[in-house]
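Below is one structure, written out as structure tokens; the observations come after it.
Derivation of every value follows stated rules applied to the coordinates shown; laboratory data play no part. Note that the structure is a prediction, hence the values are computed from the model and not measured. Cβ atoms come from the backbone with ideal geometry, glycine included; neighbour counts cover every protein chain shown.
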Amino acid sequence: MSIETLTVELGDRSYPIVIGPGLLDGGFDLSPYVGGPDCLVVTNETVGPLYLDKLLACLPGVSVQSISLPDGEQYKTMEVVESVLDTLVAMRAGRDTTVVALGGGVVGDIAGFAAACYMRGVAFIQVPTTLLAQVDSSVGGKTGVNHAGGKNLVGAFHQPRIVLIDTDSLTTLPDRELRAGIAEVIKYGAIVDREFFDWLEDHMEALIDRQPEALVQAIRISCATKAKVVAEDEREAGRRALLNFGHTFGHAIESTVGYGEWLHGEAVAAGMLMASRLSAIEAAEQARLRDLIAAAGLPTEPPRAGAASLREAMQVDKKALAGKVRFVLLRHLGEAFVSADVADSDLEDVLAAAEP
């Protein structure tokens, strides 16, 4: 299977997304993307034993130190970011040091935020090992951590120098994590690419079965879609907000039930269906979205966390302006828009599904 390269077009900060099998078996030289003589690899206790030694083979001639973080969304905190910064200080890292994220979305967010903060910004490389990170969080430069008041409230935009996606890393991914990643894949079809949505309906079984050709196709299209949107709107002043379809509800679910109780992709899946009901798209299209999410083995209903609790959590959504929550809604499958013009009664009807 061939290696594919996409580009996130951001002028002199443009960077490649390299996709293919065997890239962590010495199949790709990352050293040209390292800013100086040394780097810090940030990984976690699950991924490190599997892939850290393989990654070292991709960094010839580079002095490498590493830090292993605890695994889980509940550890995406300022305290853990501080442990990464402490390590950078202890190794006397300079402004030419590079931070490399090896792991899923949590590792990428923490490592990227630490890189953005240390000496006001050092080079950063993403090596995502989960499907969710490969198709979404590793691309676009969003970094940050959770706060007790809400999801991803503390962070910075900090673009990587390269995103290296070894599709072979998905062979060790637990089934639940794979399905959670598929939620973000479905999102791209729902918001901007009706043809891709149709393809997913025909190939969901192949994705669940981890057929390499299907996974590479899904990753390539997802990354290409996100790269195009990010190039048009890097800091989410407009069109990039569409990528948050399902996330206003999804983030509220995560923060209400407790980080890690529901995986991010599981919460987004339920959130997409809640957003589709708020959109009032045709019943047949709602059914198609629901059936595709169900075929992926993802939740089709929110947890019974209480409508009032979810509503309160949504008030700190990052898309809110002038105190009004803005929702990503669908005109139909393949076309999304952002609106704060939502009737309170309609929102209450949607949130009623979360009542105990």
Computed over region 4-172, the relative contact order (Cα-Cα under 8 Å, seq sep at least six) in percent reads 26
Towards the positive end of the charge dipole of the chain, with charges on Cβ (+1 Lys, Arg; -1 Asp, Glu), say which of Ile191, Gly61, Ser345 has the farthest Cα.
Gly61
Rel. contact order, % - alpha carbon contacts under 8 angstrom, at least six apart, the chain
15
Can you list the lysines whose alpha carbon sits under 19 Å from that of Lys324, skipping same-chain ones fewer than 8 residues off?
Lys151
Taking neighbour counts of Cβ atoms within 10 Å as a proxy for exposure, in what order, fewest first, do Val89, Val84 appear?
Val89, Val84
From the residues Leu132, Leu310, Ala231, which one has its Cα farthest along the dipole of the chain in the positive direction, the dipole being from +1 and -1 charges on Cβ of Lys/Arg and Asp/Glu about the Cα centre?
Ala231
Summarise the long-distance tail of P(r) for region 228-356 by giving the % of C-alpha pairs beyond 19 Å.
46
Nothing charged except the Cβ atoms of Lys and Arg (+1) and of Asp and Glu (-1): what's the magnitude of the dipole of region 20-105 about its Cα centre? Round to the nearest 20 debye.
200
Looking at the chain, what % of its DSSP beta bridges pair antiparallel, to the nearest 5?
40
Where does helix 283-295 land angle-wise versus the long Cα axis of the chain, in degrees 0 to 90, nearest 10?
40
With a point put 7 Å past each Cα toward its Cβ, work out how far Asp209 is from Lys228 in nm, to one decimal.
2.9
Arrange Trp262, Trp199 by Cβ neighbour counts within 10 Å, fewest through most, would you?
Trp199, Trp262
Taking the beta-carbon count within 10 Å as an exposure proxy, list Asp346, Asp168 from fewest neighbours to most.
Asp346, Asp168
Dipole in debye (nearest 20) - the chain, about Cα centre, beta carbon charges: Lys, Arg +1; Asp, Glu -1
920
Relative to the compact-globule estimate 2.2 N^0.38 Å (N residues), the Cα gyration radius of region 1-122 stands at a ratio of 1.05
When the Cα atoms of the chain are enclosed in a convex hull and the volume is divided per residue, what value in Å³ results?
121
